[in-house]
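First up is the structure itself, then whatever we jot down about it.
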Amino acid sequence: MTRAGTLRSYAPTAVLLALLIIGLIVVLASDVAGTGEEIPDLTVADGAFLVLIGLAAGVLGGIIGTGGCSVMLPAIHFWMGYPASVAVGTTLFAVIFTAISGGYGHLIRRNLDVKATAWLGGSGVIGVLLGSWLFTLLADQGALLGLILGLAFLWPALRMSWEGTGLSPTPVREGDSIPEHRWGFAAFGAAIGVLTGLVGLGGGYALVPGLIYLFGAPVYVTMGTSLATMIPLALVGGGIKLAQGYVAIGVGLLLATGTVVGAQFGAAVIKRFKPNTLKLVFGLYFLYVATKFITAYFGIKIW
């Protein structure tokens, strides 16, 4: 890609980042919380910490094909004291910007399958609507919601960790497209949408291993397809959470500012990592998050 082409490829991200900063200034200046729940007051140190969390989430998400919720959600819930329902809504709101930035970054590098993305995203929106309704029934049951989050992480965590060790005989498929399974994509996307609306994780934690193991997708194409699929899911799910009052707007914008930058970097360096390395990183982190949520339900807190 020429220098001019590179600059053009990053132009949409620069515009998105500028809009985020403007929105953040307006929100913080007007002291708009965006949620009816009691939430901690933001300090300058908190703001810097949130941007750093977002940056780390964006880099990891750009590499392993998630929106970064798996980093942001436990961070603001366990480390900063935000209620589980607000953590769910706020991180899903932030993922709107992460998915747009990271998905576009993978698109220009041809790291995604457009047809698979369309089927997964279209059916996923329907699932998000159902999942968002289920979320309203559990929003005031923080411990149970946390347990569901932990259980949702277990299967992909264990499977990806095992594959990442290189001990499994499962071959790594290469190529630049995913074998076509239209109705399979539709059913899988709808299921991911339900989970997205319910637990607010954007879907990447299940999309990535699902596409690899259920549909035989190449690892690199899976990462971009996952992020691009999350754009409509996060737009609908995050918009609903915002309307329901479960989004701390200032926190979400600070997280998004970091993730937009980080997601571009992750998308740019993804092919420097071996597929098994990506799987192992993905699996071990998810195993940590699953353990943290599940033990918290039983009153045991781990760092």
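The values are calculated or read from the model by the stated rules, or taken from the named source; none is laboratory data. What you see is a predicted model, and the numbers here were worked out from it, not measured in a lab. Every residue, glycine as well, gets a Cβ built from its backbone with ideal geometry; the counts of neighbours run over all protein chains shown.
Points to keep in mind about this one:
- Residue satisfying all of: in the range 217-248; closer than 23 Å to L137 by Cβ and more than 16 Å from the chain's Cα centre (by Cα); surrounded by the fewest Cβ atoms within 10 Å (Cβ to Cβ) among these: A243
- Against the test of being of a type in the set (G, A, S), under 22 Å from L145 (Cα atoms) and part of a helix (DSSP H, G or I), the options G224, G252 yield a single qualifying residue, G252.
- Restricted to helices (runs of 4 or more DSSP H) entirely inside the range 40-150, those with at least 3 residues that are surrounded by fewer than 21 Cβ atoms within 10 Å (Cβ to Cβ) and not polar (S, T, N, Q) are 44-64, 114-138.
- Filtered by the rule that a residue be of a type in the set (V, I, T) and at pLDDT 80 or above, the range 100-117 gives V114, T117.
- Look at the range 270-285: where a residue is among the polar types (S, T, N, Q) and at pLDDT 75 or above and a partner is buried (at least 18 other Cβ atoms within 10 Å of the Cβ) and assigned to a helix (DSSP H, G or I), sitting 6+ places away or on another chain with Cβ atoms under 9 Å, you get T277/G164.
- Candidate set from the range 178-216 (those that are outside any helix (DSSP H, G or I) and within 19 Å of the chain's Cα centre (by Cα)); member that is nearest to F97 (Cα to Cα): G202
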